[in-house]
Amino acid sequence: MDSSLSGQAFPVRHKNLSVDIKGHKTDIILCSYDDHFLVIATQIGSMGTILHARKEEGVSIHPTFNVSVVFGKRDEPMLVACARQLIEHMSNSGSSRPLVLALGLRDHSVVQSQ
Amino acid sequence: MFFNKHLNRGGGLNAAAAAIGMESIPDGLRIAEEETPSTGSSQSQINHNNNRVCGYIDCGVHITCFSEVSDNGTLHFQIIRLHKQIYAWIGCNSAKFGHLYAAAPTRPNNTVSVTSLLGGASDNTGSGIARRLALKTGLNVIVACNIPKNSPMLEADAEKKLVQKLINLGYTRPKSDGTSP
């Protein structure tokens, strides 16, 4: 019979917080999987635009990154810039895991990602 | 104090609103009726909300994580309920992210469309789950699933457990509204 797992922590760690950005309540969720990070930042009650950012395997000293929109707005360069900034930060901190970033923001003029 | 008096009588906020001649409650006041914390974050949190509460109050974010052991292996489930969307991750024996799908009811008949976002080019394990979740909940769903391909029994088992949990949490639509599950 099926039974719930007892005595073992759930394999995916997550963190959930809510901050106020320029008067908009912003829910931020961070999840750590084996091979990806998932970051959701939403002000609109849904995940919004989903981006995928990863570090490319290469021989040069400076890593290059590939960032693309997989769902949602493809004409907002600030969202792509935000994902690019985040993946570079993560790479500089020593993690090579790709990032799935979901941004559901009301105002795209300036994106607060940190 | 005026509102508390009406709430304690079981009339609810609507009755309180009517009592003072208001047609609707401003969002700031509705928070008082929320039964659960506005941002839930815990392991295995079970929210027995009724759908009415989440229908017109911003419930913030509810995260539910649980695991089920079966003969086929260990299935891990993570459900994130946003106000207008549900995200679900299904892990089979590992915490790999897997393939990502999006499904949503689309006009004109509320039929559900599903698309693969990450991975899953020839292998559509998980796309059926995403599609049926969107049917059952009436919301946009994003599903990440790392069940290996060519495992229909495992996929069906995972879907059954996930749907049961969604029903327990009150995220599914009641069948009485005429739409088929």
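Could you say which residue among A:Gly23, A:Gly45 is facing chain B (nearest Cβ under 8 Å) and on the phi > 0 side of the Ramachandran plot?
Working: A:Gly23 fails: facing chain B (nearest Cβ under 8 Å).
Every option except A:Gly45 fails the conditions.
Residues of segment A:48-73 being away from chain B (no Cβ under 11 Å), surrounded by 13 or more Cβ atoms within 10 Å (Cβ to Cβ) and charged (D, E, K, R), which ones?
Start the filter on segment A:48-73 by keeping residues that are away from chain B (no Cβ under 11 Å), which leaves A:49, A:53, A:55-67, A:73.
From what's left, surrounded by 13 or more Cβ atoms within 10 Å (Cβ to Cβ): A:49, A:53, A:55, A:63, A:65, A:67, A:73.
If the condition is that a residue be away from chain B (no Cβ under 11 Å), surrounded by 13 or more Cβ atoms within 10 Å (Cβ to Cβ) and charged (D, E, K, R), then A:Lys55, A:Lys73 are the ones that fit.
Residues of segment A:26-44 being surrounded by 15 or more Cβ atoms within 10 Å (Cβ to Cβ) and assigned to a strand (DSSP E or B), which ones? Break it down into steps so the answer makes sense when it comes.
Looking only at segment A:26-44, we keep the residues that are surrounded by 15 or more Cβ atoms within 10 Å (Cβ to Cβ), and these are A:26-29, A:31-33, A:36-44.
Of everything in segment A:26-44, those that are surrounded by 15 or more Cβ atoms within 10 Å (Cβ to Cβ) and assigned to a strand (DSSP E or B) turn out to be A:Thr26, A:Asp27, A:Ile28, A:Ile29, A:Cys31, A:Ser32, A:Phe37, A:Leu38, A:Val39, A:Ile40, A:Ala41, A:Thr42.
Is there a residue in segment A:73-91 that is in contact with a Pro (Cβ under 6 Å, 6 or more places away or on another chain) and outside any strand (DSSP E or B)?
yes
So which of A:Thr26, A:Thr64 ends up being closer than 21 Å to B:His83 by Cα and touching a strand residue (DSSP E or B) at 6+ places or on another chain (Cβ under 8 Å)?
Working: A:Thr64 fails: closer than 21 Å to B:His83 by Cα.
On inspection, the qualifying residue turns out to be A:Thr26.
Within the set of pairs 6 or more residues apart or between chains, which connect a residue that is at positive phi inside segment B:129-143 to a residue that is buried (at least 20 other Cβ atoms within 10 Å of the Cβ) and of a type in the set (A, V, I, L, M) with Cβ atoms less than 6 Å apart?
none
B:His99 is checked against (1) more than 10 Å from chain A (Cβ to nearest Cβ); (2) touching a Gly at 6+ places or on another chain (Cβ under 9 Å); (3) over 19 Å from A:Ile40 (Cβ atoms) and fails just one. What number does that condition carry?
(3)
Looking at (1) more than 18 Å from B:Ser116 (Cα to Cα); (2) of a type outside the set (Val, Ile, Thr); (3) at pLDDT 90 or above, can you tell me which one A:Glu57 breaks?
Against the list (1) more than 18 Å from B:Ser116 (Cα to Cα); (2) of a type outside the set (Val, Ile, Thr); (3) at pLDDT 90 or above, A:Glu57 comes up short only on (3).
Would you be able to tell me the number of residues in segment B:95-150 that are under 30 Å from A:Gln8 (Cβ atoms), under 16 Å from the mean Cα position of the chain (by Cα), not hydroxyl-bearing (Ser, Thr, Tyr) and not in a strand (DSSP E or B)?
Final tally of qualifying residues: 5.
The values are calculated or read from the model by the stated rules, or taken from the named source; none is laboratory data. As the structure is a computational prediction, the values presented were derived from the model and not from experiment. Please note: Cβ atoms are built from the backbone with ideal geometry, for glycine as well, and neighbour counts cover all protein chains shown.
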